[in-house]
Every structure is written in C-alpha cells, then in structure tokens.
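J.: Pasting a structure here, questions to come.
The values are calculated or read from the model by the stated rules, or taken from the named source; none is laboratory data. Owing to the predicted nature of the structure, the values given are computational and were not obtained by experimental measurement. A quick note on method: Cβ atoms are made from the backbone with ideal geometry, for glycine too, and the neighbour counts reach across all protein chains shown. Quick note on the areas: whole protein, heavy atoms, side chains included, nothing else; ligands and nucleic acids left out. Shrake-Rupley method; radii C 1.70, N 1.55, O 1.52, S 1.80 Å.
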Amino acid sequence: MSTKITGFFLLLSLAVQSQNPAPQKESELKIYPVLWQQQASEYRALCYQAFNLASIRLNEISKKKFRKEKIAIITDLDETILDNSYSEAQLIKEGKEHSSQSWKEWTNRSAATAVPGSVEFLQAAKQKGTTIFYISNRDTSEVKSTLINLQNLQLPDADTAHMLFLSNTSSKEARRQIVMKNYNVVMLLGDNLNDFAQVFERKNINDRFLETDKVKGEWGKKFIVLPNPTYGEWENAVYDYERNLSPEQKDQKRKGKIKGY
C-alpha cells in the first residue's frame, strides 16, 4: 500500500474518532465534583447550613414527648461526617478507577477530615444528653481504622458499641431498628436517601422522586441531608441498577438521562 493511501486511511480513522470520541474514564468524570467539594466555599456553606438547621431542630425537641427517656441521633459517616474527597482525588491523579482495594488503602490511613460543622454539631448534641450512633456501609474489617479516625476528630460516642458497620447486607434498615428498640431516634443524617429509610432503596429515578416528595415535611426536620455530588445511590439509579456496564454503555445511560429544552 502506498504512503498516500496509508495516510488517507489514517486521516479517515482520526476523523471518525473525533466524531465518536471514547467515553471519559470514571475517574475523569469525578474531577468537577471533587473540585467542588474541596475548593468551593458553597460546599462548606451548605454543610454549615445543614448542621445549623440540625441544631435548631434538636433544640426544639423536648424529652417529655417520648415514652423512652433515651434520645439518639443516627448518622452516616462517609460524606456526612467524614470527608473522603482525598481518596477520589488521588485516583484522578493516578488515572485509576475506584476499587475495594483502593478504598481499603484509604480507610487504613484513618486520615479523613471532618465535614464542615459535623464535629461541633455532634459534640453539642452529646452535651444535651443525645446518644450518637454511626451506621455506615464501611466493612466491619474497617472498624479499627475508622475508630482511630473518629477519635482523632474527637467525635462523641466514638467506640465500637456505637458503630454499626456492613456485615451481610448493604441495607441499613435492620441496623436502624436495633437502635430504635432502645432509643427514640429524633434525627437521621446522611448524604444518601438510603441513610434515612428502606423505602428509598433500589428505586428508579421517578420512584425516588415520588418517595422523596411523600416525606417532604421531614427534610430539614428529622432528615438532614448533606451534599455529595461525587457518588451515591443516585448513580445506581442513573444506570438502572445494571451491573458490569461497559464505559460506552454507561456513557449512553448518562446522556440518555439528561434533559435539554
């Protein structure tokens, strides 16, 4: 084949690639969300807003309303109390994808910082006689390293008796019920709808909207939501809970879900 013909096919191939670019890596898609979490004052403001509102609501609660004297708050950890954006940032820098191994390497460091406003709120809640329970889908093998992290941040009730981690199911409902047997749970904090009630689990996008609307009176009252644009159950809903999708298939799902005018 002549040099001219070879050059023609090379140019043709490049033209086709430019019209059909390969989908971005998952790590590359996280750049803007991670930048926002780490660099945007708006993110900090939203966190402070959430915990300020939580403080107001907690102050309004009277123990006389409850049959059980013991009052508790249930909170998620990751992106609710602990900021793990450093882990995502490192994956972006190294061009790697999230994996259970990379996550374990991060949690072993016990280096997550506190979500703005979280420590002050939980410390104040504890001083008011409220017990704090940390229900997380971190694996039980991560309890030790997480405990060190919580204690370093001087979080209240930082002990294994108040940490209910993932053992056999990602649903947190059974663990919430364990706490509710002995305590009046007056508030739940999370960055994911699954942190609040079982009714949100494995629902498509429209059903998640519907269930959210049904309890609209609880948001900012009993349910306090923290911002997390980087990951969560909403991603699974975007992909219709389909596992093992190729990058191309994920790209198609994402583009199919966005709405223009």
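J.: Quick one: Ile224 ticks every box in (1) more than 30 Å from Lys25 (Cβ to Cβ); (2) surrounded by 15 or more Cβ atoms within 10 Å (Cβ to Cβ); (3) over 15 Å from the mean Cα position of the chain (by Cα); (4) β-branched (Val, Ile, Thr) bar one, so which box is it?
T.: Going through (1) more than 30 Å from Lys25 (Cβ to Cβ); (2) surrounded by 15 or more Cβ atoms within 10 Å (Cβ to Cβ); (3) over 15 Å from the mean Cα position of the chain (by Cα); (4) β-branched (Val, Ile, Thr) one by one, Ile224 breaks only (3).
Yes or no, residue by residue, for (1) surrounded by fewer than 18 Cβ atoms within 10 Å (Cβ to Cβ); (2) of a type in the set (Phe, Trp, Tyr); (3) in a helix (DSSP H, G or I):
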{"site": "Leu91", "(1), (2), (3)": "no, no, yes"}
{"site": "Lys96", "(1), (2), (3)": "yes, no, no"}
{"site": "Thr131", "(1), (2), (3)": "no, no, no"}
{"site": "Ile135", "(1), (2), (3)": "no, no, no"}
{"site": "Arg138", "(1), (2), (3)": "no, no, no"}
{"site": "Ser141", "(1), (2), (3)": "yes, no, yes"}
{"site": "Ile148", "(1), (2), (3)": "yes, no, yes"}
{"site": "Ala161", "(1), (2), (3)": "yes, no, yes"}
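J.: Which of the following residues is open to solvent by 40 Å² or more (accessible area, probe 1.4 Å), within 22 Å of Val34 (Cβ to Cβ) and assigned to a loop (DSSP other than H, G, I, E, B): Tyr231, Tyr261?
T.: Numbers: Tyr261 fails: within 22 Å of Val34 (Cβ to Cβ).
Selected residue: Tyr231, the only one of Tyr231, Tyr261 that is open to solvent by 40 Å² or more (accessible area, probe 1.4 Å), within 22 Å of Val34 (Cβ to Cβ) and assigned to a loop (DSSP other than H, G, I, E, B).
J.: Can I ask one more? So which residues in the range 198-221 are among the basic types (Lys, Arg), open to solvent by 60 Å² or more (accessible area, probe 1.4 Å) and within 30 Å of Ala89 (Cα to Cα), if there are any at all?
T.: Start the filter on the range 198-221 by keeping residues that are among the basic types (Lys, Arg), which leaves 202-203, 208, 214, 216, 221.
Add one more test, that the residue is open to solvent by 60 Å² or more (accessible area, probe 1.4 Å), and what stays is 202, 214, 216, 221.
Within the range 198-221, Arg202 is the sole residue that qualifies.
J.: Which numbered condition trips up Lys126, out of (1) out of contact with any strand residue (DSSP E or B) (no Cβ under 8 Å at 6 or more places or on another chain); (2) open to solvent by 70 Å² or more (accessible area, probe 1.4 Å); (3) assigned to a helix (DSSP H, G or I)?
T.: All conditions pass for Lys126, except number (1).
J.: Just to check your reading of the model, which residue among Asn149, Asn182, Asn204 is touching a residue at least 24 places away in the same chain (Cβ under 8 Å) and either under 30 Å from Lys257 (Cα atoms) or hydrophobic (A, V, I, L, M, F, W, C) (or both)?
T.: Working: Asn149 fails: either under 30 Å from Lys257 (Cα atoms) or hydrophobic (A, V, I, L, M, F, W, C) (or both); Asn182 fails: either under 30 Å from Lys257 (Cα atoms) or hydrophobic (A, V, I, L, M, F, W, C) (or both).
None of the other options fit; the residue is Asn204.
J.: Can you tell me which residues in the range 163-177 are within 20 Å of the chain's Cα centre (by Cα), surrounded by fewer than 19 Cβ atoms within 10 Å (Cβ to Cβ) and either within 19 Å of Lys104 (Cβ to Cβ) or not hydroxyl-bearing (Ser, Thr, Tyr) (or both)?
T.: Phe165, Leu166, Ser167, Asn168, Ser170, Glu173, Ala174, listed by residue number.
J.: I've got another one for you. Using the structure shown, decide if Val185 is in a strand (DSSP E or B) and over 18 Å from the mean Cα position of the chain (by Cα). Spell out how you get there, then give the answer.
T.: Details: in a strand (DSSP E or B): yes; over 18 Å from the mean Cα position of the chain (by Cα): yes.
It is true that Val185 is in a strand (DSSP E or B) and over 18 Å from the mean Cα position of the chain (by Cα).
J.: Return yes when Asn236 is part of a helix (DSSP H, G or I), more than 20 Å from Leu82 (Cα to Cα), free of Cβ contacts under 8 Å to residues at least 60 places away in the same chain and within 19 Å of the chain's Cα centre (by Cα) and no when it is not.
T.: yes
J.: Just wondering, is there one or more residues in the range 64-74 that are part of a helix (DSSP H, G or I) and surrounded by fewer than 21 Cβ atoms within 10 Å (Cβ to Cβ)?
T.: Scanning the range 64-74, I find at least one residue that is part of a helix (DSSP H, G or I) and surrounded by fewer than 21 Cβ atoms within 10 Å (Cβ to Cβ), so the answer is yes.
J.: I'm trying to understand the selection: among the residues of the range 98-123, which are of a type outside the set (A, V, I, L, M, F, W, C), open to solvent by less than 50 Å² (accessible area, probe 1.4 Å), assigned to a helix (DSSP H, G or I) and closer than 30 Å to Glu60 by Cα?
T.: Listed by number, the list holds a single entry, Ser118.
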